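The values are calculated or read from the model by the stated rules, or taken from the named source; none is laboratory data. Please read these numbers as outputs of a predicted model, since none were measured by experiment. Glycine also receives a Cβ, built like all others from the backbone with ideal geometry; neighbour counts cover every protein chain displayed. These area figures cover heavy atoms from the full protein model, side chains too; ligands, DNA and RNA do not enter into them. Shrake-Rupley method; radii C 1.70, N 1.55, O 1.52, S 1.80 Å.
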Amino acid sequence: GAVVSQHPSRVICKSGTSVKIECRSLDFQATTMFWYRQFPKQSLMLMATSNEGSKATYEQGVEKDKFLINHASLTLSTLTVTSAHPEDSSFYICSARDIRRSSYNEQFFGPGTRLTVL
Amino acid sequence: AQKVTQAQTEISVVEKEDVTLDCVYETRDTTYYLFWYKQPPSGELVFLIRRNSFDEQNEISGRYSWNFQKSTSSFNFTITASQVVDSAVYFCALSESPYSGGGADGLTFGKGTHLIIQP
């Protein structure tokens, strides 16, 4: 149980295009999902917190107009990188918090999406 | 503000040696959670342990053990009789309680320790 999937696992796109990444909790419901970014050989940095049915909360320094987050259901959150540029190339990882175990802040991570912008 | 410090950037040991990965954290919250994750080259995070701030008992799971010391704000991770398959980047992470009201319940990660186990 507690499986989180991400799609796609890898994407290469041209500069200026938009890319959508999906994060799904497969066997549990998640009112809260989190999006992290990891540059090569660096740590994971929280980008935003996505709450089902409400606007996402972005961390300082993260442009909300560039990284659009939609959490339309209890099992799906999407991150859209708009007008992607080479500096947006990174490993994007989502996590989902099980609504039944939220008191422990137990988060389950997806396998990540590697974005390369040419 | 929360902070997690993993001072060891890289550790290299020979197989079968014991190795300890250090983690020091800072938080103003009285209720918080500490985590360790393993990240192999594939990139997928592997959950190892969660510890809440009220539980200072040390834990052992096979060759893995964790030492939580609130007095020194540390949550160190020891691998006994290391194996080549233990080679990975290990992250220590911290989060506040979802009910603390601060809203900061995403995880704050340390910079990670790259562990290399040589055969």
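Which of the residues in the stretch B:36-50 lose at least 10 Å² of accessible area when you go from the chain alone to all protein chains together (probe 1.4 Å)?
Buried on complex formation: B:Y37, B:Q39, B:S42, B:G43, B:E44, B:L45, B:F47, B:R50.
Please identify, among B:T80, B:T72, B:T31, the residue showing maximal mean-square fluctuation in a Gaussian network model of chain B using a 10 angstrom Cα cutoff.
In this elastic network of chain B, the residue with the biggest mean-square fluctuation among B:T80, B:T72, B:T31 is B:T72.
Give me the accessible area buried between chains B and A, both sides summed, with a 1.4 Å probe, in Å² rounded to the nearest 100.
Working: alone 6600 and 6570 Å², together 11570 Å².
Approximately 1600 Å², summed over both chains.
Among B:T108, B:T30, B:T78, which one shows the highest mean-square fluctuation when chain B is modelled as a Gaussian network with alpha-carbon springs under 10 Å?
Residue with maximal mean-square fluctuation among B:T108, B:T30, B:T78: B:T30.
For the stretch A:25-64, divide the Cα radius of gyration by the Kirkwood radius and give the resulting Rg/Rh value with two decimals.
1.05
Suppose every K and R has +1 on its Cβ and every D and E has -1 on its Cβ; what is the size of the dipole of chain B about the Cα centre, in Debye to the nearest 20? Before the final figure, lay out each step's value.
Details: 9 positive and 14 negative charges, 19 e Å.
The calculation lands at about 100 debye.
Under 20 Å between alpha carbons, and skipping anything fewer than 8 positions from A:K64 in its own chain: which lysines qualify?
A:K20, A:K55
Is the stretch B:3-119 best put as rounded, prolate or oblate by its Cα gyration tensor, with a ≥ b ≥ c the root eigenvalues, rounded for a/c under 1.5, and otherwise prolate when a/b is larger than b/c, oblate when not?
It is prolate, given that a/c is not under 1.5 and a/b is the larger ratio.
Most fluctuating residue of B:S73, B:S61, B:S95 in a GNM of chain B with Cα springs under 10 Å: which is it?
Looking only at B:S73, B:S61, B:S95, the biggest GNM fluctuation is shown by B:S61.
Could you state the accessible area per residue of chain B in Å², with a 1.4 Å probe and every protein chain left in place?
I get 49 Å² per residue for chain B.
Charges only on Cβ, +1 for Lys and Arg, -1 for Asp and Glu: so what's the dipole of the protein assembly as shown about the Cα centre, in debye to the nearest 20?
500
Express in % the proportion of alpha carbon pairs of the protein assembly as shown at distances exceeding 30 Å.
25
Do any cysteines of the protein assembly as shown lack a neighbour Cys whose Cβ is under 4.7 Å away, and which are they?
Within the protein assembly as shown, the cysteines lacking a partner Cβ under 4.7 Å are A:C13.
Hey, any idea what % of the stretch B:1-112's accessible area is carbon plus sulfur with a 1.4 Å probe?
Numbers: 2630 of 5460 Å².
Carbon with sulfur: 48 percent of the solvent-accessible area.
Let a ≥ b ≥ c be the square roots of the eigenvalues of the Cα gyration tensor of chain A; is it rounded (a/c under 1.5), or, if not, prolate (a/b larger than b/c) or oblate? Kindly include the intermediate steps, with their values, before the conclusion.
Numbers: a/c = 1.79, a/b = 1.65, b/c = 1.09.
Because a/c hits 1.5 or more and a/b exceeds b/c, chain A counts as prolate.
For the stretch A:1-109, give the magnitude of the charge dipole about the Cα centre (Cβ charges: +1 Lys/Arg, -1 Asp/Glu; no others), in debye to the nearest 20.
Computed charge dipole of the stretch A:1-109: roughly 120 debye.
Suppose we compare each residue of the stretch B:71-97 in its chain alone and in the full protein complex with a 1.4 Å probe; which ones drop by at least 20 Å² of accessible area?
Residues shielded by partner chains are B:F91.
With a 1.4 Å probe and every protein chain kept in, tell me what percent of the accessible surface of the stretch A:48-118 is carbon plus sulfur.
Working: 1610 of 3230 Å².
The C+S portion of the solvent-accessible surface of the stretch A:48-118 is 50 percent.
For the stretch A:14-67, what is the accessible area per residue in Å², given a 1.4 Å probe and the full set of protein chains?
Per-residue accessible area for the stretch A:14-67 comes out at 58 Å².
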